[in-house]
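Quick note: the coordinates plus some simple rules give every number you see, no bench work behind them. None of the values given here were measured: they were computed from a predicted structure. Here Cβ is always computed from backbone atoms with ideal geometry, including for glycine, and neighbour counts include all displayed protein chains.
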Amino acid sequence: MHTLAQRLWQNANDSPDRPAIYLLQAGQPDQTLTCRDLVRGGLDYTLALQQAGVQPGEVVILILQHGAPLIYSFWGAVLGGFIPAIMPFLTEKLSPEKYRRDLTALFEITRPAAVITYRAFEPEVRAAALNSSVRVILVAEAVAPAGADSVSLAGLTRSPEDIVVLQHSSGTTGLQKGVALAHRAVFSQLEAYSRAIRLTRDDVVVSWLPLYHDMGLIAGFILPVLTRTPLVLMSPFDWVRAPYKLMHAVSRYRGTLSWLPNFAYNFCAQKIRDRDLDGIDLSSWRAISNCSEPMRWESHRMFAERFTPYGLRPEALATCYAMAENVFAVSQGGIESPVTVDVIEAPAFFSERRAVPASPEAPNVLRLLSAGRPLENTRVRILDDQRRELPERCIGEIALQGDCLLTGFYNRPDLTAQAFHDGWYLTGDLGYLANGEVYVTGRKKDLIIVGGKNIYPGDLEALAGEVPGVYPGRVAAFGVFDEVQGTEEVVIVAEAETQDEGERRRIADAIRERVTRGSEVAVRRVQVVGLRWLLKTSSGKIARAANREKFLREFGA
Amino acid sequence: MTDTVLANLSRFIATHILRQPDRTLFADDKLISGGLIDSFHLIDLSLHIEKEFGVRLDDTELNPQTFDTLGELAALIEQRRAG
């Protein structure tokens, strides 16, 4: 088996009536899509793209909300040998101008041949696609059944080294950096990760994760579909408004596997009414993997306490270290045995960058959750600032080697070259190894992770800098961890000339609105300060980490 | 009556969601499309409304089609309480 299309095709032949996806949507009855449905529904899109003249190996951007058209268009693109890339949909909060700018930025680098979207959104895409590589805009509602028309399935004859999918993170920066994954890399991941989580035919995956994010796309979509593991798929939009529906889905479909970003543990533990859990049975859940943002012991404890009365087995709480550049998982913990908790001395951690084991009763200790052992086909190394390998329990940059790694950043050979050193992929994450297990402690890059979503501070600073009254170039954006929510919150500090409190508040409000509408990131705190408050590096750049420390000192957490 | 509901909601949003306790929100402030309340906090607002006013908003109603401004939300609560 060399291509994803071959596997999908084989699934439909071997077990056409096996449920592949139970699609859950608020206010509608659950819909069952079988293995055969995925191919049949997909072929409508394959044919429509072919008839429009899109060639195998060309990129097709999907701008669709959670639902059958998104699922079918994705597999249709795979069957036709096109390269799908799923984009977040425009929400009412995001300003259309900003979204159009992001799309234009995406088109410039990725150079897609086609976009699939809804009729209502087509003019928006058309405007963004002006003077771009986009030749075809396909309206999902107008895609006709392929019926008996002959469809050529170029996806079946692609080479294992061909790119099968692109994954982007959000924002102007993220959209210009598409992670390009080959068929071979995806299969390597599916095989190694299936073994790491001891996947069996009795498993049922339950997911509410968005498909434009690696955790949702791989763990919550491609993995279950291609391994014939039934997938119960909810929409992130529905989940965030009714988190109890995740528990209902697990209970009703006897779900066994889920992946959640850390904040979701806190969110579920805190925001579900008791009466919405009446009659719920969570005993089937065997692994809930914490993934995609820093994992907190406290979040696991909170989740276990809240849901154990409903049958949750505390040993079901698992951990995973993953990134799109490795298709998905790098390591997995908590499957065979409970997640290891490493108790270490806080002072050595902060001042010497070492993880020195401490007694759990000792004062001043940190409890770190292990992300488990690397997958069998992935090697992990810790490097110092000169990129030399560090011994166990020393904190440095995590580097990877293995056969799931990205082919490159799409059309960005410059970024691809920078990302590797001596054959090792530099993750930009900081961590250490102990007894063969990976611990992720922070990041080298200035990246903010809110609810599992990667945010580049430069994008937010640029937006805030557009607000009248903000001193040009004097803005810092950074993340501050919030214990209650279990995730980072975005803080923006901006310099303004005015000393007037009312005027400063007006500027702060304008920054909040500008950033929210421009990036869809909720800004928790905006602080307008006087001139020369912000610290700069020797090269004249705003020093985010130093300003974060100064902010916490002066304005508190 | 609406004033009380409005003042209560304004206080809750300013204190717990925006973390600007001395801020006052106005009836025509756009909560959802104006970016004051992001999707992660819609559930907080709905739990608060249920606790304070005994009105349950269904999760499918937590969108700008049902209410967007603070005034619209207060009116919706009033209407449900009366009904």
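Convert each backbone phi in the range B:46-57 into a coupling constant with the Karplus relation 6.51 cos²θ - 1.76 cosθ + 1.60 (shift: θ = phi - 60°), then list the ³J(HN,Hα) values in order as whole Hz, x for Gly and Pro.
Once rounded to whole Hz, the list reads 5, 5, 5, 5, 5, 5, 7, 10, x, 10, 9, 8.
Which lysines does A:Lys245 reach when only Cα atoms under 22 Å apart count, and residues fewer than 8 places away in its own chain are ignored?
The qualifying lysines are A:Lys271, A:Lys453, B:Lys51.
Net charge near A:Ser292, counting Lys/Arg +1 and Asp/Glu -1 over other residues with Cβ under 10 Å of its Cβ?
-1
If you take the charge dipole of chain A about its Cα centre, with +1 on Lys and Arg Cβ and -1 on Asp and Glu Cβ, which of A:Gly220, A:Leu47, A:Leu64 is farthest toward its positive end?
Towards the positive end, the residue furthest out is A:Leu64.
Identify, among A:Thr427, A:Asn411, A:Leu375, the residue whose Cα sits farthest towards the positive end of the charge dipole of the range A:336-443, taking +1 on the Cβ of Lys and Arg and -1 on the Cβ of Asp and Glu, with the dipole about the Cα centre.
It is A:Asn411.
Tell me which residues come under 5 Å, amide H to amide H, from A:Leu282 once H is placed; ignore anything under 5 positions away on its chain.
A:Gly311, A:Leu312
Could you tell me the distance between the Cα centroids of the range B:13-83 and the range A:344-370, to the nearest Å?
So the separation of the two Cα centres works out to 43 Å.
Charges only on Cβ, +1 for Lys and Arg, -1 for Asp and Glu: so what's the dipole of chain B about the Cα centre, in debye to the nearest 20?
Its charge dipole is roughly 200 debye.
Taking each residue in A:232-240, count the Cβ atoms of any other chain within 10 Å of its Cβ, then average. What number comes out?
Values: counts 0, 0, 0, 0, 1, 4, 2, 2, 8.
Mean partner-chain Cβ count within 10 Å for A:232-240: 2.
One-quarter of the Cα convex hull surface for the range B:1-76, in nm²?
That works out to 4.4 nm².
Using the Karplus equation 6.51 cos²θ - 1.76 cosθ + 1.60 (θ = phi - 60°), what ³J(HN,Hα) coupling, rounded to whole Hz, does each residue of the range A:230-238 give in order, writing x for Gly and Pro?
Taking θ as phi minus 60°, the curve returns x, 10, 9, 10, 9, 9, x, 4, 6 Hz for the range A:230-238.
Would you give the gap between the C-alpha center of the range A:444-506 and the C-alpha center of the range A:88-145, rounded to a whole Å?
28
Of the listed peptides A:159-167, A:6-14, what is their order by residue-averaged count of other C-beta atoms within 10 Å, with the highest listed first?
Ranking the peptides A:159-167, A:6-14 by packing returns A:159-167, A:6-14.
About the Cα centre of the range A:448-555, how large is the charge dipole given +1 on each Lys and Arg Cβ and -1 on each Asp and Glu Cβ? Please answer in debye to the nearest 20.
The dipole magnitude comes to about 260 debye.
Local charge sum around A:Phe555 (other residues, Cβ-Cβ under 14 Å, Lys/Arg +1, Asp/Glu -1)?
Every neighbour counted, the sum reads +4.
Tell me what chain A gives for mean residue ellipticity at 222 nm when only DSSP H runs of n ≥ 4 count, each as -39,500 (n - 2.57), the sum divided by the residue total, rounded to 500 deg cm²/dmol. If you can, show how the numbers build up before the last one.
Numbers: 16 runs with 167 residues, N = 557.
Counting only the DSSP helices, I get -9000 deg cm²/dmol.
For the range A:182-259 and the range A:1-74, what is the separation of their Cα centres, given in Å?
Spelled out, the Cα-based centre of one part sits 16 Å from the other.
Show me A:222-230, A:137-145 ranked by packing, highest mean number of other Cβ atoms within 10 Å first.
On the way: A:222-230: 22.1, A:137-145: 15.3.
Top to bottom by mean Cβ count within 10 Å: A:222-230, A:137-145.
So, counting K/R as plus one and D/E as minus one, what does the shell of residues with Cβ under 15 Å around A:Leu317 add up to?
Value of the local net charge: +2.
Under 19 Å from the Cα of A:Lys536, which lysines turn up, not counting those fewer than eight places away in the same chain?
By straight Cα distance, A:Lys536 reaches A:Lys444, A:Lys445, A:Lys550.
Enumerate the amide H contacts of A:Ala543 below 5 Å, restricted to partners 5 or more residues apart or on another chain; note that Pro and chain-start residues carry no placed amide H.
A:Leu535, A:Lys536, A:Thr537
Can you give the charge dipole size of chain A about its Cα centre, rounded to the nearest 20 debye, using +1 on the beta carbon of Lys and Arg and -1 on the beta carbon of Asp and Glu?
200
Read phi for every residue in the range A:310-319 and hand back ³J(HN,Hα) as whole Hz from Karplus 6.51 cos²θ - 1.76 cosθ + 1.60, θ = phi - 60°, with x for Gly and Pro.
3J(HN,Hα) across the range A:310-319, in whole Hz: 9, x, 4, 8, x, 6, 6, 6, 10, 9.
Roughly how many nanometres apart are two label points built 7 Å out from the Cα toward the Cβ at A:Ser150 and A:Ala52?
Going by the 7 Å Cα→Cβ label model, 2.4 nm.
Mind computing the radius of gyration and Dmax over the alpha-carbon atoms of the protein assembly as shown? Å is fine for both.
24.5, 72
Mind ranking A:23-30, A:330-337 by how tightly packed they are, going by the mean number of other C-beta atoms within 10 angstrom, highest first?
Going from most to least packed, we get A:330-337, A:23-30.
Using a 10 Å cut-off around each Cβ of peptide A:515-527, what is the average number of partner chain Cβ atoms that fall inside?
Counting other chains' Cβ atoms within 10 Å and averaging over A:515-527 gives 3.
For the protein assembly as shown, list the cysteines whose Cβ sits under 4.7 Å from no other cysteine Cβ?
Singleton cysteines: A:Cys35, A:Cys268, A:Cys394, A:Cys404.
With a Förster radius of 41 Å, plug the Cβ-Cβ distance of B:Thr66 and A:Asn13 into 1/(1 + (r/R0)^6) and report the FRET value to the nearest 0.05. Intermediate results must be reported in sequence, preceding the final value.
Numbers: r = 46 Å, r/R0 = 1.12.
Here the calculated transfer efficiency is 0.35.
Kindly state, as a whole number, the per residue volume in cubic angstrom of the convex hull around the alpha carbon atoms of the range A:35-177. The partial results should precede the final answer.
On the way: hull volume 15.3 nm³, N = 143.
With only Cα atoms used, the range A:35-177 gives 107 Å³ per residue.
Return, ordered by residue number, the residues of the range A:50-74 whose backbone nitrogen is under 16 Å from a label point located 7 Å along Cα→Cβ of A:Ser133.
Label zone hits: A:54-62.
Taking H placed 1.01 Å from N in the peptide plane, check which residues at least 5 places from A:Asp482 or on another chain put their amide H under 5 Å from its amide H.
Those qualifying (amide H under 5 Å, at least 5 residues apart or on another chain) are A:Thr487, A:Glu488, A:Glu489.
Over the whole of B:38-48, what's the average partner chain Cβ count within 10 Å per residue? Rounded to a whole number, please. Write down the numbers at each step before the final one.
Values: counts 10, 10, 10, 3, 3, 10, 2, 0, 4, 4, 0.
Mean partner shielding for this stretch: 5.
Rank A:Leu33, A:Ala399, A:Leu463 by how far each Cα sits towards the positive end of the charge dipole of the protein assembly as shown (+1 on Lys, Arg Cβ; -1 on Asp, Glu Cβ) and give me just the farthest.
The one lying farthest along the dipole's positive direction is A:Ala399.
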